[in-house]
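The values are calculated or read from the model by the stated rules, or taken from the named source; none is laboratory data. Fair warning: this is a prediction, and the values are worked out from it, not measured in the lab. Because the Cβ atoms are built from the backbone with ideal geometry, glycine has one as well, and the counts that use them run over all protein chains shown. Note: areas computed on protein heavy atoms with side chains; ligands, DNA, RNA excluded. Shrake-Rupley method; radii C 1.70, N 1.55, O 1.52, S 1.80 Å.
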Amino acid sequence: MVETTRRREIEDAASTLFRERGYSGTSVRDIARAVDIQGASLYAHVASKQEVLWSIIERTAVRFEAAAEAVEAADPGATVFGPGVQLISLVRAHAGVVTDDIERASVFVHEWRALDAGRRDDIARRRDAYEARFRAAIVNGVETGAFAPVDPTLAASFILTALNGIVAWYRPDGRLPARAIADAYADLALRAVQAHGGSR
């Protein structure tokens, strides 16, 4: 339990530093200083700075994937509630993961390319598979006539780019609560693809 707590403290500190300074601009000594231990002592808890980055990004990827899977499990193939509701739910789920842990989400969005080659390739594949869920929802909407005949790849990229941009400005103590942000982004995403006179 003590080790788990210390590991969490290290990842929390690293997330903040990676967000503020970038991965390359943060040293092992910086992380150690942030958790008030000697630089060499950090290696008793983690193998390397790269391992810390991987842990942060991989855990965040799992959270995004689990959130999307929950949406799909609730309405597989969007056969019950329709593609509009499925897209809205995916957008809200993504925004929820981002705002729930803004530090780690920011590291995931901006620093995943700093992973070593094998891990970077793994995350790239998972990011594409995740984006494919949005593309599928958009294709479904286009095919049923609920959405305008948009390019699914461009539309999904547009929506996810906007969602990931939340990491640049969101503050838990800001003007809008997380739920209101998720609802607003869901509404904007739907308006971007919805056919004139379409319904959710």
Practice task
Please report, to one decimal in angstroms, the Kirkwood hydrodynamic radius of the chain built from all distinct Cα-Cα pairs.
Solution key: 18.1 Å
Fill in the blank from the handout: Using alpha-carbon coordinates alone, the radius of gyration and Dmax of region 150-197 in Å work out to 12.4, 37
Completion exercise
Expressed in angstrom, Rg and Dmax over the Cα atoms of region 84-200 are 15.0, 48
Fill in the blank from the handout: Sorted by chain and number, the residues with a modelled amide H under 5 Å from that of PHE147, at a separation of 5 or more or across chains, are VAL142, ALA195
Exercise for the section: Can you send over the carbon and sulfur percentage of the accessible area for the chain, probe radius 1.4 Å, protein chains only? Expected result: 54 percent
Exercise for the section: Would you please put 181-194, 120-133, 162-175 in order of how densely packed they are, using the mean number of other Cβ atoms within 10 angstrom per residue and starting with the highest? Expected result: 181-194, 120-133, 162-175
Practice task
For region 99-149, build the convex hull from the C-alpha positions and give me its volume per residue in Å³.
Solution key: 105 Å³
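On average, how much accessible surface per residue is there in the chain, in Å², for a 1.4 Å probe, leaving out ligands, DNA and RNA?
Per-residue accessible area for the chain comes out at 51 Å².
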